[in-house]
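Structure record follows, encoded as structure tokens.
The values are calculated or read from the model by the stated rules, or taken from the named source; none is laboratory data. Everything quoted here is computed from the prediction, not taken from an experiment. Positions of Cβ are backbone-derived with ideal geometry, glycine not excepted, and every protein chain shown enters the neighbour counts.
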Amino acid sequence: HARRLEGVDKNIWVEFTQLTADYKAVNVGQGFPDFSPPSFIQEAFCSAITGGASMHQYTRGFGHPALVKILAKFFGRIVGRDIDPMEDFQITVGAYQALFCTFQALIDEGDEVIIVEPFFDCYQPMVKMAGGTPSSNLYTLSSADWVLSPEELASNLNPRTKAIVINTPNNPLGKVYQRDELQMIADFCIKHDIICISDEVYEWLTYDGAQHIKIASLPGMWERTVTIGSAGKSFSATGWKVGWAMGPGNIIKHLKTIHQNSVYHCATAAQEAVAMGFQREYDTFGTEDSYFKQLPAQLHKKRLRLAECLRSVGLEPVMPQGGYFMITDISSLQVDLNDPSTKDEPYDFRIVKWLIKEKGLATIPVSGFYSPEHRGNVQNYIRFCFVKVIWFVCI
Ligand code: PMP
Ligand code: GLN
């Protein structure tokens, strides 16, 4: 095998979805809704696939024209600038492929990428596969009052630092970055000529007055930011795998090179349906009819329900300000872990496996969102996903 595969062969999703299936456990770990997407987007999909022969054939490789046009209009209004539909987007197979194209296009052998911990697990292996070195000693585990300090950020800087990855709202913590924190990161990027990769797949999901701000909308940041989005997360249709990278044409053109030489093209009908969904959201933006407003309102209730549920069994949740995950400290759980097959694994991995095998409940160990060097310090948390109807059934 190629050297780039070394150290990236383990994957928590592969491991835990398989175990969940093997034990037929209830999946309250993995981040996908257990309910249907809204009817308007399902109808959009039906009308796309019955919309004529062209819907079943190739479309423009960098993104279906109807989709990039409405995304440019939609995000242009939010970011407050003209966005070029043809230059400033690459449509991808989910946010995953947008991230992959970004790292492949921008990171060279030996480049360093600052990844703020805890982080969505795929960033590190993707940086490594591009030949880069992930640097992430910014680890912490408190909660929404977790704040990234300028000193910590500066301590990760070195002459090879090429990019920083942020994720707001954050998976798994639920932190939503405030404007002054984003400004601090922006100042850092501008001062040291660093690219910002901003994963915003949960951008519509904020609670208790928290506000999602796009770092690309801060002065001087559009020029150096790649913003990652996901239609799967936006419309509760994760299986469609439509995502995008948005940014200045002079950066996105490099992602296009990766895309044209690998995937080339994403499913036409799914892109057409997502375009119709965004048109509807453009027209209803900020009103009660907008799904981007309805979904967080629904999730706000599920989030409180899950918190109640955890407290009722003596577990204290870390309340998220955004996203659809909640982590909780499990050090108080008195469990006799006598499974010899897991004895060398971190405590949270062992507890999660015990919960799957003995209780039929699948969650995700939080140390999976830390770099291997820091895992030992964060073994006492597990992650629940609350974008599930099941929470209404269980209490
Ligand atoms: N980024 C984050 C933070 C995620 O949680 C996920 C998982 N959905 C992705 C990217 C990948 O999204 P997609 O399903 O659109 O590939
Ligand atoms: N992003 C989702 C999560 O964090 C799912 C990731 C996956 O299934 N690979 O749960």
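Structural remarks
- Annotation: of all residues in region 72-86 being basic (Lys, Arg) and over 25 Å from TRP240 (Cα atoms), the one that is farthest from ligand 2 (Cβ to nearest atom) is ARG81.
- Verdict on GLY51 being surrounded by fewer than 22 Cβ atoms within 10 Å (Cβ to Cβ), at pLDDT 95 or above and more than 16 Å from ligand 2 (Cβ to nearest atom): no
- Of all residues in region 337-395 being part of a loop (DSSP other than H, G, I, E, B) and of a type in the set (Val, Ile, Thr), the one that is farthest from ligand 2 (Cβ to nearest atom): ILE395
- In the set SER234, SER217, only one residue is within 12 Å of ligand 1 (Cβ to nearest atom), small (Gly, Ala, Ser) and at pLDDT 95 or above; that residue is SER234.
- Scanning region 87-134 for residues that are away from ligand 2 (no atom under 16 Å from the Cβ), in contact with a His (Cβ under 9 Å, 6 or more places away or on another chain) and not in a helix (DSSP H, G or I) yields GLN90, ILE91.
- Residue that is surrounded by the most Cβ atoms within 10 Å (Cβ to Cβ) [pool: residues in region 26-44 that are within 16 Å of ligand 1 (Cβ to nearest atom), within 30 Å of ILE252 (Cα to Cα) and hydrophobic (A, V, I, L, M, F, W, C)]: ILE41
- Selection within region 109-122: residues that are closer than 18 Å to ASN171 by Cβ and more than 10 Å from the chain's Cα centre (by Cα). The member of this set that is surrounded by the fewest Cβ atoms within 10 Å (Cβ to Cβ) is GLU117.
- Here ILE166 fits the description: surrounded by fewer than 24 Cβ atoms within 10 Å (Cβ to Cβ) and within 15 Å of ligand 1 (Cβ to nearest atom).
- Residues in region 316-351 that are of a type in the set (Val, Ile, Thr) and either touching a residue at least 40 places away in the same chain (Cβ under 8 Å) or closer than 27 Å to LEU304 by Cβ (or both): VAL318, ILE327, THR328, ILE330, VAL335, ILE351.
- Each residue in region 263-293 was checked for being in contact (Cβ under 8 Å) with a residue 24 or more places away in the chain and assigned to a loop (DSSP other than H, G, I, E, B), and 6 pass.
- Selection count, region 167-202, where residues are of a type outside the set (S, T, N, Q), within 16 Å of ligand 2 (Cβ to nearest atom), within 17 Å of THR227 (Cα to Cα) and touching a Gly at 6+ places or on another chain (Cβ under 7 Å): 4
- Only one of GLU223, GLU281, GLU272 that is over 21 Å from the mean Cα position of the chain (by Cα), crowded, with 20+ Cβ neighbours inside 10 Å and charged (D, E, K, R): GLU272
- Residues satisfying the criterion are absent from region 228-242 (criterion: away from ligand 2 (no atom under 16 Å from the Cβ), crowded, with 22+ Cβ neighbours inside 10 Å and either more than 20 Å from the chain's Cα centre (by Cα) or touching a residue at least 60 places away in the same chain (Cβ under 8 Å) (or both)).
- So LEU99, is it closer than 20 Å to LYS214 by Cβ, assigned by TED's automatic domain parsing to the domain that holds ASP199, in contact (Cβ under 8 Å) with a residue 40 or more places away in the chain and buried (at least 24 other Cβ atoms within 10 Å of the Cβ): yes
- Some residue of region 112-123 being more than 16 Å from ligand 1 (Cβ to nearest atom) and in contact (Cβ under 8 Å) with a residue 40 or more places away in the chain: yes
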